[in-house]
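Comments concern the structure below.
The values are calculated or read from the model by the stated rules, or taken from the named source; none is laboratory data. Nothing here was measured: the structure is a model prediction, and the numbers come from that model. For neighbour counting, all protein chains shown are included, and Cβ atoms are generated from backbone atoms with ideal geometry for every residue, glycine included.
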Amino acid sequence: MYCPYCGVEHGETVEFSREEVVPYAVGGSRQFAIRVCRNSNNSFGGSVDKPFAEMFHTRARRHFLGLRGTDGTKPSIDLSGEMQIDGTTFRVKHTINENNIGRPEILPKVSTTPVAGGKLVTVRGDPRTARRILEDNLRTAAWGKQVRDTDGKVLKLEDLDALLASRTVEHVNPSILKTSSSLGLML
């Protein structure tokens with residue numbers, strides 16, 4: 001049988017499969033297909049169809065039109081990138097999937113600086129994420145370490161909300177982030 005993809009007349013031992021002329025994942029029909037050798041079909045599927053279906057514009061179009069892939073799921077859209085807040089660049093993680101739009105997550109900037117008697121951990125970013133990081137630091141400090149704020153006051157887990165409230169800044173722009181925290185703790 002002849003394979004139009006590789007241009008070879010194959011013997012009976014070569015396996016053939018159906019190839020949708022317009023890939024199913026981008027709205028093609030399984031009814032309009034040609035027969036090609038399985039090797040060529042797999043090769044073109046991995047090197048042409050898949051990269052095309054995974055391009056941002058194609059994924060977004062497929063998502064909003066409800067075009068499901070061969071596995072039955074709607075593609076997600078990755079809107080992740082970077083943004084500037086007060087002169088600092090933050091990574092933003094934001095994915096829209098089948099079940100929800102999702103909330104953009106500002107990935108925090110965490111820096112550690114050695115200081116006399118310990119280290120200074122500074123967390124900048126979304127207050128909820130900063131809180132989670134600081135909670136982890138306070139919990140691990142329960143093993144004999146003390147955590148102090150930059151003023152030298154010893155902190156406990158129950159002090160965290162008050163500390164965050166005092167160090168949280170409201171942002172008018174960008175609208176994606178209403179508040180951010182910049183906290184320094186000495187461990």
- Checking residue 78 against (1) free of Cβ contacts under 8 Å to residues at least 40 places away in the same chain; (2) acidic (Asp, Glu); (3) more than 30 Å from residue 30 (Cα to Cα), which test does it fail? (3)
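Out of 151, 136, which single residue is part of a loop (DSSP other than H, G, I, E, B), in the same structural domain as residue 164 (by TED's automatic domain parsing) and exposed (fewer than 12 other Cβ atoms within 10 Å of the Cβ)?
Working: 136 fails: part of a loop (DSSP other than H, G, I, E, B).
Just one listed residue meets the conditions, 151.
Yes/no matrix, rows are residues, columns are (1) within 30 Å of residue 122 (Cβ to Cβ); (2) modelled with pLDDT of 85 or more:
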{"residue": "15", "(1), (2)": "no, yes"}
{"residue": "18", "(1), (2)": "no, yes"}
{"residue": "21", "(1), (2)": "no, no"}
{"residue": "49", "(1), (2)": "no, no"}
{"residue": "76", "(1), (2)": "no, yes"}
{"residue": "88", "(1), (2)": "yes, no"}
- Message: Against the condition under 24 Å from residue 87 (Cβ atoms) and at pLDDT 70 or above, how does residue 121 come out, does it pass?
- Response: yes
- Query: What residue, of 76, 47, is in contact with a strand residue (DSSP E or B) (Cβ under 8 Å, 6 or more places away or on another chain) and small (Gly, Ala, Ser)?
  - Reply: 76
- Search result, residues across the stretch 27-56 that are crowded, with 17+ Cβ neighbours inside 10 Å, among the small types (Gly, Ala, Ser) and outside any helix (DSSP H, G or I): none
- Task: Hey, can you tell me all the residues within the stretch 1-26 that are closer than 20 Å to residue 70 by Cα and either surrounded by 13 or more Cβ atoms within 10 Å (Cβ to Cβ) or in contact with a Cys (Cβ under 7 Å, 6 or more places away or on another chain) (or both)?
- Result: 16, 17, 19, 20, 23, 24, 25, 26
- Message: Given (1) surrounded by 15 or more Cβ atoms within 10 Å (Cβ to Cβ); (2) closer than 22 Å to residue 85 by Cα; (3) of a type outside the set (Asp, Glu); (4) at pLDDT below 75, identify the lone condition not met by residue 172.
- Response: (1)
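On the given criteria, is residue 59 in a strand (DSSP E or B) and basic (Lys, Arg)?
Values: in a strand (DSSP E or B): no; basic (Lys, Arg): yes.
Spelling it out, it is not the case that residue 59 is in a strand (DSSP E or B) and basic (Lys, Arg).
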